[in-house]
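Note sheet for the following structure.
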Amino acid sequence: MSDMTSTADAPRSPGRPRSLRADEAIIEATLDLLAEGSTIEALSIEAIAARAGVGKATIYRRWAGKDALLLDALRRLKGVLPQPEGHTVRDDLILLVGAIGKNVDPRAAKIMPCLVPAVNRSPDQFQLYQNIIAPRRQLMREVLRRGVSEGVLRPDLDLEVTMALLTGPMLIQRVLQWNPELDERTLPEQVVDTVLEGIRAR
């Protein structure tokens, strides 16, 4: 995507400092509009600027375009990356699996399911989604690699398939509420222990 660079990645030129209040208002306006039902395709810089009470030029001084702004807004919605402590592979996997689909911002429950059709329809939105989840996937990949190197996990482990096995149950439960009988408080531990039975070193 041509405008996927977020403010976190873009170099800053010298000049008047950016207003953090304006940054916050723009991000909040973006998330509010998405939570209220605006699709990613229909969401416009004009609408975001009007909701945030800023001019379009203020947004374009901060983000290269709508996709870069969306990337920062959805990263905010996802929250801070969990940080594995490195004590045991099991504990670190439970931490990472427990963070899947879990958001403290109540708007996430309205926004995240609406991303699915956009991701399936648009290569640009697919790339946006990948840019959001790639760092989280990499964390899990590193924990699994550590497990292999420590002799805890099978040396022939397929990392990508294992990540899919660990991630899928939490996503389907938290995003789609697939089975109301499942207890989300204990599900991460149950998923990890079940998968570990098949991937432990023998």
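Data for the structure
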{"item": "Area of SER38 that stays accessible when all protein chains are in place (1.4 Å probe, Å², to 10)", "result": "40 Å²"}
{"item": "Most fluctuating residue given options ARG90, ARG121, ARG62, as computed from a GNM of the chain linking Cα atoms under 10 Å", "result": "ARG121"}
{"item": "Reachable lysines from LYS78, criterion Cα separation under 17 angstrom, eight or more residues apart if same chain", "result": "LYS102, LYS110"}
{"item": "Accessible area per residue, Å², the range 75-181 with all protein chains present, probe 1.4 Å", "result": "57 Å²"}
{"item": "Calculated SAXS-style log₁₀ I(q)/I(0) at q = 0.14, 0.15 Å⁻¹ - the range 32-114, Debye, Cα scatterers", "result": "-0.60, -0.66"}
{"item": "Accessible area in the full protein assembly, largest first, 1.4 Å probe, for LYS56, LYS66, LYS110", "result": "LYS110, LYS56, LYS66"}
{"item": "0 to 90° range, to nearest 10: angle between helix 66-78 axis and the chain longest Cα axis", "result": "50 degrees"}
{"item": "Cα gyration tensor shape for the range 123-202, rounded if a/c is under 1.5, else prolate or oblate", "result": "oblate"}
{"item": "Gaussian network model of the chain, springs between alpha carbon atoms under 10 Å - residue of ILE172, ILE48, ILE111 with greatest fluctuation", "result": "ILE172"}
{"item": "Reachable lysines from LYS56, criterion Cα separation under 22 angstrom, eight or more residues apart if same chain", "result": "LYS66"}
{"item": "Matching label, volume of the Cα convex hull per residue in Å³ computed from the structure shown, candidates [x] 178; [y] 127; [z] 145", "result": "[z]"}
{"item": "Accessible area of the range 64-202 belonging to carbon and sulfur atoms, whole % at 1.4 Å probe", "result": "58 percent"}
{"item": "Length gained when the stretch ASN103-GLU142 is fully extended (0.36 nm per residue, less Cα-Cα span)", "result": "11.8 nm"}
{"item": "Gaussian network model of the chain, springs between alpha carbon atoms under 10 Å - residue of VAL161, VAL97, VAL116 with greatest fluctuation", "result": "VAL161"}
{"item": "Degrees, to the nearest 10: 159-176 long Cα axis against longest axis of the chain", "result": "60 degrees"}
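The values are calculated or read from the model by the stated rules, or taken from the named source; none is laboratory data. For clarity, every value in this text was computed on a predicted model and none was experimentally measured. Heads up: the accessible areas ignore ligands, DNA and RNA and are worked out on the full protein's heavy atoms, side chains in. Shrake-Rupley method; radii C 1.70, N 1.55, O 1.52, S 1.80 Å.
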